[in-house]
Amino acid sequence: MQDQLRDLSRQVLMAQEEERKRISRDLHDVIAQTLTGINLRLDLLKKEALLDPKSLDAKIASAQRLVEESLDIVHQFARKLRPTVLDDLGLIPALHSYMKDFTERTGIHIHLTVFAAVEKMESTKRTVLYRVAQAALTNVAQHAKATCVEVTIKKRAGAVCMEIHDDGKSFKVERVLFGKRNKRLGLIGMRERVEMVGGTFGIESAPGAGTTLRARIPFARARNHPPV
């Protein structure tokens, strides 16, 4: 168990570092270059204003468009890290927003069924459900080659049960979850998040039947569970 925990810790740290590298690279490649372009345009505007004041309107509009594009990119980064709609409006609107964007990006259709009272769960548990759905759909896009996904969130026997089923290709669950060379850290992260709030996590995958992920989280507040 200690060896498994140490190995898990190393994998999580490596995943975090890779994510930092990706964000850093994206910020440098996209935001920094766009802002540099805006700065150059403004410098040209300052010089050309003395020579041809009438052409300023079009060039200022062009610089404004660059600023708007930069703001859109910043908002995209912010949504990926922590969507404000999750805190401001709740889990259901956050899932709808994420799934709409996911379908537009991937072409994979998603059907969501969820009971309204899930919003009465404590914030930590709703965040876990969102993160699990987010990670599961990311795995579907990267590995499953699926065409559609069914996401169902129901209340059963004092717990919230989320089931995510895709029609994509299958994989060997035991090897992926417990193998020493496991690279699907998203599955480990999902399981850890669910278990930290007193829940249970399981996966079924079979040829021709796709993959089904299940997370069961107690609806009532658990005593002294750690934050996610």
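The values are calculated or read from the model by the stated rules, or taken from the named source; none is laboratory data. Note that the structure is predicted; figures quoted are calculated from it, not measured. Every residue, glycine as well, gets a Cβ built from its backbone with ideal geometry; the counts of neighbours run over all protein chains shown.
Working only within segment 146-171, note down all residues that are small (Gly, Ala, Ser) and touching a helix residue (DSSP H, G or I) at 6+ places or on another chain (Cβ under 6 Å).
Initial filter on segment 146-171 (small (Gly, Ala, Ser)): 146, 157-159, 168, 170.
Within segment 146-171, Ala146, Gly168 meet the criteria.
Which of the residues that make up segment 110-123 are touching a residue at least 60 places away in the same chain (Cβ under 8 Å) and either surrounded by 18 or more Cβ atoms within 10 Å (Cβ to Cβ) or not assigned by TED's automatic domain parsing to the domain that holds Val197 (or both)?
Met121
Can you tell me how many residues in segment 185-204 are modelled with pLDDT of 90 or more and more than 21 Å from Ala157 (Cα to Cα)?
Of the residues in segment 185-204, 1 are modelled with pLDDT of 90 or more and more than 21 Å from Ala157 (Cα to Cα).
Hey, could you check segment 112-145 for residues that are part of a strand (DSSP E or B) and in contact with a helix residue (DSSP H, G or I) (Cβ under 9 Å, 6 or more places away or on another chain) and say which is farthest from Gly198 (Cα to Cα)?
The residue in question is Leu112.
Go through Asp72, Asp101, Asp43 for me and flag whichever is in the same structural domain as Lys154 (by TED's automatic domain parsing), acidic (Asp, Glu) and at pLDDT 75 or above. Spell out how you get there, then give the answer.
Working: Asp72 fails: in the same structural domain as Lys154 (by TED's automatic domain parsing); Asp43 fails: in the same structural domain as Lys154 (by TED's automatic domain parsing).
On inspection, the qualifying residue turns out to be Asp101.
Among (1) part of a helix (DSSP H, G or I); (2) surrounded by 12 or more Cβ atoms within 10 Å (Cβ to Cβ); (3) at pLDDT 75 or above, there is one condition Phe77 misses while meeting the rest; what is its number?
It fails just one condition, (3).
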